[in-house]
1. Cα to Cα, under 24 Å, and not fewer than 8 places away if on the same chain: which lysines meet these conditions relative to K111?
2. Per residue, how much accessible area does segment 33-158 show when a 1.4 Å probe rolls over the protein heavy atoms, in square angstrom?
3. Which residue, chosen from I26, A63, S39, occupies the Cα position most advanced towards the positive end of the dipole of segment 23-63, where the dipole is computed from +1 (Lys, Arg) and -1 (Asp, Glu) charges on Cβ about the Cα centre?
4. Remind me, relative contact order of the chain in percent, using alpha carbon pairs under 8 angstrom and six or more residues apart?
5. Would you mind telling me which residue in L162, L38, L101 has the biggest mean-square fluctuation in a Gaussian network model of the chain, where springs connect alpha carbons within a distance under 10 angstrom?
6. Quickly work out the V298-to-A110 label distance, labels modelled 7 Å from Cα along the C-beta direction, and quote it in nm with one decimal.
7. Could you quote the convex hull projected area for segment 100-159, Cα atoms only and averaged over all directions, in nm²?
8. Give me the percent of the accessible area of the chain that comes from carbon and sulfur atoms, probe 1.4 Å, all protein chains in place.
Amino acid sequence: MLHLPETALVIEVGPRDGLQSLARTIDTETKVRMVDRLSAAGLPVIEVTGFAHPRVIPQLADAEAVLERITRRPGTIYRGLVPNARGAERAAGRVDEMLGLITVSEAYLAKNQNMTRAQAVAEAIKAFAVAESCGARFVMALGMSMWCPYEGPIAPERTVSLLEEFHAAGMRRFYLAGSLGMEDPRQVNALFRQVRERFADIEVGYHVHNLSGCGTANVLAALDGGATFIEGAIAGLGGGIMMPTTMGAVGNLATEDIVALLSSMGIETGVKPADVASAARDVAAMLEIEPRSFATAVGGRADVMAAAKANPRAHPA
């Protein structure tokens with residue numbers, strides 16, 4: 001029997017993790033409109049942008065400009081990615097929450113951040129210190145924590161080892177990322193259970209991708225294992241940027257599908273499924289893309305029942 005929480009936080013990462021993977025540049029005004037639309041939908045945490053070097057991720061070169069121009073909704077936390085101490089210094093005073101980053105896969109780490117494990121740990125701890133000094137919240141992301149396209153399955157001991165280092169440095173909020181979506185529910189559940197048993201005083205969430213189609217099953221596995229928040233991207237946008245070039249889209253699980261799933265099971269998110277689905281359609285129109293979600297294509301249970309009432313179809317005996 002599943003052991004599910006009564007509440008779960010749904011975090012939106014589309015404006016950063018989603019947009020950074022697009023092949024075409026999105027202008028600053030569109031990004032501002034996108035974030036404002038997500039704020040209007042009532043999402044409690046929005047990852048607005050990232051403070052990577054503009055040469056590395058040109059799509060996010062306007063990070064400061066976007067944060068200056070968005071309309072901040074009271075109660076919403078506006079987050080920025082800070083992959084190193086320099087990024088944290090740029091973000092200081094501009095975001096409510098900073099997101100540190102390391103990948104458990106060292107092969108991917110070398111490609112994505114051009115650092116060794118030791119260097120990346122040191123930079124993350126420095127970024128955490130910057131956040132502490134300016135009063136910003138801090139969450140540490142452990143990417144490629146379950147499966148990597150270059151290394152295959154990631155042993156859970158490697159993820160736990162990194163958590164131990166960061167925990168010793170004072171960090172207490174983390175998320176574990178599949179980063180690709182090739183992990184399976186048993187693997188996800190086992191890792192979250194091991195983490196919760198080892199660290200009783202932390203918050204841990206799941207950043208979920210859906211390449212294999214196991215995204216919703218993995219969400220349930222993470223929640224059953226002790227995750228308290230789930231991260232998705234509106235309309236199923238984006239994903240990792242250092243992937244094998246022959247791969248197709250590596251999308252995050254759509255936020256609107258996450259909200260619909262949790263709501264259908266009676267898990268309170270503080271967000272209305274219809275509001276998030278409407279925002280997904282609007283954001284997709286802004287970006288001139290098709291949303292990749294069931295919530296926008298089919299709707300919820302009430303929509304299906306309304307369609308059945310309006311268009312009844314007799315089935316042959």
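The values are calculated or read from the model by the stated rules, or taken from the named source; none is laboratory data. Please read these numbers as outputs of a predicted model, since none were measured by experiment. Neighbour counts run over all protein chains shown; Cβ positions are idealised from the backbone, glycine included. All accessible areas refer to the heavy atoms of the entire protein, side chains included, with ligands and DNA or RNA removed. Shrake-Rupley method; radii C 1.70, N 1.55, O 1.52, S 1.80 Å.
1. K126
2. 39 Å²
3. The residue sitting most towards the positive pole is I26.
4. Reported relative contact order: 19 percent.
5. Among L162, L38, L101, the largest GNM mean-square fluctuation belongs to L162.
6. 4.3 nm
7. 4.1 nm²
8. Accessible surface attributable to carbon and sulfur in the chain totals 54 percent.
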